[in-house]
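The values are calculated or read from the model by the stated rules, or taken from the named source; none is laboratory data. Being a predicted model, the structure only gives us computed values, none of them experimental. Cβ placement follows ideal geometry from the backbone for every residue including glycine, while neighbour counts extend to all protein chains displayed. What goes into the accessible areas is simple: the full protein's heavy atoms, side chains included, and nothing from ligands, DNA or RNA. Shrake-Rupley method; radii C 1.70, N 1.55, O 1.52, S 1.80 Å.
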Amino acid sequence: MVYVTYSCVLHNLSISYGEHESKKDVSGGTDITASVESFQIAYSMGGASIKVAETHVDNANYQTGAANDIDGTTIALTLAF
């Protein structure tokens with residue numbers, strides 16, 4: 001299951017949100033679902049862009065437990081000359 005939403009708030013500002021779920025069938029056990037949720041924002045001005053993504057993963061590598069729940073923040077600055 002995949003959901004993606006995108007919105008251009010202002011001429012140079014965009015916001016997006018995405019969700020993805022993936023299920024792994026475990027023989028003789030309970031199926032495990034890995035899920036990813038991400039929120040992104042980007043601002044562009046001329047040849048420069050700054051982008052930020054906040055991402056959360058539940059059951060990474062189809063493993064349960066708090067150690068397999070991952071949060072991450074990505075910040076990118078792009079310059080074109």
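So the values come out like this:
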{"item": "Strands (runs of 3 or more DSSP E) (entirely within the stretch 1-79) containing at least 3 residues that are open to solvent by 90 Å² or more (accessible area, probe 1.4 Å)", "result": "2-10, 32-45, 70-79"}
{"item": "Filter result for K51 (in contact (Cβ under 8 Å) with a residue 12 or more places away in the chain and among the basic types (K, R))", "result": "yes"}
